[in-house]
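Presented below is the structure to which this report refers.
Derivation of every value follows stated rules applied to the coordinates shown; laboratory data play no part. As the structure is a computational prediction, the values presented were derived from the model and not from experiment. Note: ideal-geometry Cβ built from the backbone for every residue, glycine included; neighbour counts use all protein chains shown.
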Amino acid sequence: DYVMTQSPLSLPVTPGEPASISCRSSQSLLHNNGFNYLAWYLQKPGQSPQLLIYLGSHRASGIPDRFSGSGSGTDFTLTISRVEAEDVGIYYCMQGLQSPYTFGQGTKLAIK
Amino acid sequence: QVQLQESGPGLVKPSQTLSLTCTVSGGPINSGDYYWSWVRQSAGKGLEWIGRIYTSGITSYNPSLKSRVTVSVDTSKNQFSLRLTSVTAADTAVYYCAREGNWFAFDYWGQGTLVTASS
């Protein structure tokens with residue numbers, strides 16, 4: 001199985017400041033079609049996960065442009081340009097290249 | 001707007017079978033090129049993909065659960081289902097159904113249902 005490792009596991013952030021989360025895969029997620037099969041989700045307290053980013057860098061429908069995804073191969077980053085109070089929750093990366101799909105352990109973002 | 005809703009017993013006895021159904025609304029389950037998946041979340045193992053089905057009936061399962069899992073679809077009811085046999089306490093989790101969109105990511109999720117395996 002592909003092992004997904006996130007860091008940090010806890011991320012306190014001041015509103016208005018940027019935040020970054022790293023996700024590393026044990027194997028490359030770059031498909032031969034040129035796309036990286038890496039997605040990011042946010043699970044807000046008491047809710048289901050919601051899709052933020054797919055194919056490494058494509059924002060899902062309705063996701064604010066302060067969220068961006070970057071990286072290729074085995075190393076990826078989710079960046080929030082200016083954190084807002086509504087961004088609190090647990091962020092997960094997930095690989096969709098190889099079955100079984102696997103998730104990172106999660107990064108908990110909290111407001112300072 | 002696509003919506004998914006899980007249903008089924010919240011308590012299952014050890015060694016028995018867990019059965020859940022996901023009802024899809026907002027469009028026919030067999031329209032578009034989608035897979036329909038089950039994902040669970042437990043305190044001990046985080047998010048774990050269980051398996052998926054295409055509306056043609058093609059399935060794929062997590063090898064860690066494959067011997068105990070069956071995912072099926074009923075297009076006439078716009079539903080897909082999960083069966084997990086021989087449950088133990090380790091199967092206690094919140095179970096989500098989800099749609100896998102065209103980009104190998106889950107774009108719609110149900111609200112989740114807690115299943116506890118306990119006598």
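Coupling constants for segment B:98-104 follow from the phi torsions by the Karplus curve (6.51 cos²θ - 1.76 cosθ + 1.60, θ = phi - 60°), and in residue order they are 8, 9, 8, x, 6, 10, 6 Hz; glycine and proline get x.
One Cα centroid belongs to segment A:78-101, the other to segment B:103-119; the line between them spans 17 Å. Amide H to amide H distances under 5 Å link A:Q105 with A:Q6, where only residues 5 or more positions off or on other chains count and H is placed in the peptide plane.
Dividing the Cα radius of gyration of chain B by its Kirkwood radius returns 0.95 for Rg/Rh. If I take all pairs of Cα atoms in chain A, what percentage of them are more than 22 Å from each other? Percentage above 22 Å: 25. Along Cα→Cβ, 7 Å out, is where each label goes; now give me the distance between the ones at B:S64 and A:L11 in nm to one decimal. Here the modelled spin labels are 2.4 nm apart.
For segment A:40-53, backbone phi angles converted through the Karplus equation (6.51, -1.76, 1.60; θ = phi - 60°) give residue-by-residue couplings of 10, 10, 10, 10, 6, x, x, 10, 6, x, 10, 6, 9, 9 Hz, Gly and Pro being listed as x. Taking N as the residue count of the protein assembly as shown, its C-alpha radius of gyration divided by 2.2 N^0.38 Å amounts to 1.00.
Pairs exceeding a 27 Å alpha-carbon distance, out of A:K44/B:K45; B:K45/B:K66; A:K44/B:K66; A:K108/B:K45: A:K44/B:K66.
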